[in-house]
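Undergrad: Sending over a structure as structure tokens; questions will come in a sec.
The values are calculated or read from the model by the stated rules, or taken from the named source; none is laboratory data. Computed from a predicted structure; not experimentally measured. With ideal geometry, Cβ positions are generated from the backbone for all residues, glycine too; neighbour counts draw on all protein chains shown.
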Amino acid sequence: MENRNFKQTEEALAEIYRNAQLALVSITDILPSVEDEEVRSELHAQYEEYERFSAKASMLARDKGLELKEPNPFKKAMMWGSIKMNTLTDNSRSHIAEMMVQGTVMGITALRTTAGELSPDGNESIISLIEEMIAKEEEFEKRWKAYL
């Protein structure tokens, strides 16, 4: 694999993994504030999906001899603070849904950008995973919008 393509592959897998990890952190941060059982159930279901994407990205990276880094601890701490402040003042179903839609839209945007920059040569499995993740996040977005 040429160097440029290798770098693109590494960055694409890193974006999938980062996206999934940040979603997992967000859900973990939000859950203690959620009293609505239906919303809790939705969050748990989505958590499982993001774990699956994280594992798939890790396996692909390992197969390609790449090491994925955990998301920036500062960014995770900032997210935690933001989520705690947001849910402290309003932990309603619609507010949680609004926060999840915002995160999902940011994730979809980042994944679409990554997919557009990725050479298809030798990256079929990564492109397939990105497309699968975008489709799942679009589904999540639609489900959260029903709570608004």
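Undergrad: So if I check each of Thr104, Thr87, Thr114, which one is at pLDDT below 90, among the polar types (S, T, N, Q), surrounded by 16 or more Cβ atoms within 10 Å (Cβ to Cβ) and assigned to a helix (DSSP H, G or I)?
TA: From the options Thr104, Thr87, Thr114, the qualifying one is Thr87.
Undergrad: Additional query: Residue by residue through segment 117-132, note down the ones that are in contact (Cβ under 8 Å) with a residue 40 or more places away in the chain and not in a helix (DSSP H, G or I).
TA: Leu118, Ser119, Asp121, Gly122, Asn123
Undergrad: Got a number for residues in segment 4-37 being of a type in the set (D, E, K, R) and closer than 15 Å to Asn123 by Cβ?
TA: Final tally of qualifying residues: 5.
Undergrad: Same structure again: Which members of segment 19-50 meet the condition of being more than 24 Å from Thr113 (Cα to Cα), out of contact with any Phe, Trp or Tyr (no Cβ under 6 Å at 6 or more places or on another chain), in contact (Cβ under 8 Å) with a residue 24 or more places away in the chain and of a type in the set (Asp, Glu)?
TA: Glu35, Asp36, Glu38, Glu42 - these are the residues of segment 19-50 that are more than 24 Å from Thr113 (Cα to Cα), out of contact with any Phe, Trp or Tyr (no Cβ under 6 Å at 6 or more places or on another chain), in contact (Cβ under 8 Å) with a residue 24 or more places away in the chain and of a type in the set (Asp, Glu).
Undergrad: Please find, within segment 13-55, the residue that is farthest from Arg93 (Cα to Cα) out of those that are assigned to a helix (DSSP H, G or I), more than 12 Å from the chain's Cα centre (by Cα) and among the β-branched types (Val, Ile, Thr).
TA: Thr28
Undergrad: So Glu137 clears everything in (1) of a type outside the set (A, V, I, L, M, F, W, C); (2) in contact with a Ser or Thr (Cβ under 6 Å, 6 or more places away or on another chain); (3) at positive phi except one condition, right? Which one?
TA: With (1) of a type outside the set (A, V, I, L, M, F, W, C); (2) in contact with a Ser or Thr (Cβ under 6 Å, 6 or more places away or on another chain); (3) at positive phi applied to Glu137, the lone miss is (3).
Undergrad: OK, next. Looking at segment 93-123, which of its residues are closer than 20 Å to Gln8 by Cβ and over 15 Å from the mean Cα position of the chain (by Cα)?
TA: Gly116, Glu117, Leu118, Ser119, Pro120, Asp121, Gly122, Asn123
Undergrad: I'm checking my understanding of the structure. Among residues of segment 3-46 that are at pLDDT 90 or above, crowded, with 21+ Cβ neighbours inside 10 Å and of a type in the set (Gly, Ala, Ser), which one is nearest to Thr104 (Cα to Cα)?
TA: Once the filter is applied, the top-ranked residue is Ala23.
Undergrad: Could I ask something else about it? Name, by its number, the condition in (1) over 16 Å from the mean Cα position of the chain (by Cα); (2) more than 21 Å from Leu148 (Cα to Cα); (3) at pLDDT below 90; (4) surrounded by 13 or more Cβ atoms within 10 Å (Cβ to Cβ) that does not hold for Met79.
TA: So Met79 meets the others, but not (1).
Undergrad: Among the residues of segment 47-70, is any in contact with a Pro (Cβ under 9 Å, 6 or more places away or on another chain) and modelled with pLDDT under 95?
TA: No.
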